[in-house]
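Below is one structure, written out as structure tokens; the observations come after it.
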Amino acid sequence: MTDLVRSISGWLDGGMNSAAPSECCMLIFTVPLTAGFHAIERTMAEIATRFAVERWMYGNVYDPSDNRTPLNWWNDK
């Protein structure tokens, strides 16, 4: 997973990990805005398929009150 995220200039930032992949609960990856949302979504879809990831989600992208409304902070960059 980490190699795929590195391919879009991202990195493993933390999370709950274990030496046994079947016990892994959550990983947190950080990807720079310059990678673009399309590249992030494509990479995460590939990870989900290759590693049978149940789900993935963005952090700091949607309003936490409804988890749907974009925060749009990236429009100011």
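None of the figures in this text is laboratory data; all of them are computed from the coordinates on show. What you are looking at is a predicted structure, and each value in this text was computed from that prediction instead of being measured. When we count neighbours, we look across all protein chains shown, and the Cβ atoms used for this are built from the backbone with ideal geometry, even at glycine.
The equivalent ellipsoid of the chain has semi-axes of 23, 15, 12 Å, largest first, where each one is the square root of 5 times an eigenvalue of the Cα gyration tensor.
Over the chain, Cα pairs under 8 Å with separation of 6+ residues give a relative contact order of 21 percent. Highest-first packing order for the peptide set 66-76, 30-40 is 30-40, 66-76, based on the mean count of other beta carbon atoms within 10 Å.
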